[in-house]
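**Q** Below is a structure I'd like to ask you about.
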Amino acid sequence: MKQRKHVVIKILSILALIYLSIFIPGTILLYTFTSYFIHEYAKSDPASIIWLYDKSSYEHVAEILTQLGYRFEPWDNKTFAGTLLIFGDVRPVYPYIKEYASSPVVYTSAFDCIICLGATVHSLANSLLLLAVYSTALAVISAVAVRKGVLSWRGAALASAAPPLVLYLSEVLYILATSFILPHGSLDYRGVLPFLTAPFTPILIVALTKWSLAKWRR
């Protein structure tokens, strides 16, 4: 019975580490993309994206947004359906345009509800909070699992490192291949750096946890 309990706790610990090690790099990449969208692409905080079904929908939405004082990136004459970039939070006026558009996606640096008022929100502050929670949970679970003898530090590191490395291997290979295909100097390494480094974050957290506990015990 005691041995079975030990096995169950070990499995649960490994699953928890795997879960957290997948979400930590994902949260880092979400933060990076949201930051890029706000500061580099839209140059607006907040900013919104909606999908319009046809040219007629665009004309109706453009008229409504103009009347309400919202700035947006106008379509060219060749666009018949697609996304519309709005420089601001479109949620307050979404009821006026929802028959022409999809649910909006809002990008902001402030704390916000992840799914609120019929919209999906990508928030820099939310991402940082989630990253802190996930990282703390990863450190605590790995430390407790090692202390209870459920896992070794090597086992905790392996459970934390393997899933994100496997998931992001295709992305890393794609980026490396692209760097060779594109003309020299045309690839912005600042944009791809998070993809190359994010998968190593979980194992770094485990290593720092081990080092911190060793220093604390001295």
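Table: residues versus (1) more than 30 Å from G155 (Cα to Cα); (2) in contact (Cβ under 8 Å) with a residue 12 or more places away in the chain.
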position: S13; (1), (2): no, yes
position: I18; (1), (2): no, yes
position: I24; (1), (2): no, yes
position: I28; (1), (2): no, yes
position: Q67; (1), (2): yes, no
position: W75; (1), (2): yes, yes
position: L85; (1), (2): yes, yes
position: R91; (1), (2): yes, yes
position: I97; (1), (2): yes, yes
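**Q** Here is a follow-up. Can you tell me how many residues in the stretch 1-48 are among the polar types (S, T, N, Q) and either under 30 Å from L151 (Cβ atoms) or touching a Ser or Thr at 6+ places or on another chain (Cβ under 6 Å) (or both)?
**A** Residues flagged as among the polar types (S, T, N, Q) and either under 30 Å from L151 (Cβ atoms) or touching a Ser or Thr at 6+ places or on another chain (Cβ under 6 Å) (or both) within the stretch 1-48 amount to 4.
**Q** Please count how many residues of the stretch 6-22 are more than 23 Å from the chain's Cα centre (by Cα) and modelled with pLDDT of 75 or more.
**A** Qualifying residue count, the stretch 6-22: 7.
**Q** What about F80, is it more than 14 Å from Y58 (Cα to Cα) and either surrounded by fewer than 15 Cβ atoms within 10 Å (Cβ to Cβ) or within 25 Å of the chain's Cα centre (by Cα) (or both)?
**A** No: the conditions fail for F80.
**Q** OK, next. Can you tell me how many residues within the stretch 112-129 are surrounded by fewer than 19 Cβ atoms within 10 Å (Cβ to Cβ) and modelled with pLDDT of 90 or more?
**A** The total comes to 3.
**Q** Here is a further query. Do we find that P202 is within 24 Å of T27 (Cβ to Cβ), modelled with pLDDT of 80 or more, open to solvent by less than 90 Å² (accessible area, probe 1.4 Å) and within 16 Å of the chain's Cα centre (by Cα) in this structure?
**A** For P202, the condition - within 24 Å of T27 (Cβ to Cβ), modelled with pLDDT of 80 or more, open to solvent by less than 90 Å² (accessible area, probe 1.4 Å) and within 16 Å of the chain's Cα centre (by Cα) - is met.
**Q** Would you confirm whether any residue within the stretch 173-192 is at pLDDT 65 or above, at negative phi, surrounded by 12 or more Cβ atoms within 10 Å (Cβ to Cβ) and under 17 Å from the mean Cα position of the chain (by Cα)?
**A** no
**Q** Report whether or not T34 is closer than 30 Å to V166 by Cα and either polar (S, T, N, Q) or assigned to a strand (DSSP E or B) (or both).
**A** Answer is yes for this residue.
Results for (1) open to solvent by less than 50 Å² (accessible area, probe 1.4 Å); (2) at pLDDT below 90; (3) not charged (D, E, K, R), shown as yes or no for each residue.
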position	(1), (2), (3)
A139	yes, no, yes
L151	yes, yes, yes
L158	no, yes, yes
T197	no, yes, yes
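The values are calculated or read from the model by the stated rules, or taken from the named source; none is laboratory data. Owing to the predicted nature of the structure, the values given are computational and were not obtained by experimental measurement. All Cβ positions, glycine included, derive from the backbone under ideal geometry; neighbour counts span all protein chains shown. Surface accessibility is based on the protein's heavy atoms, side chains included, excluding ligands, DNA and RNA. Shrake-Rupley method; radii C 1.70, N 1.55, O 1.52, S 1.80 Å.
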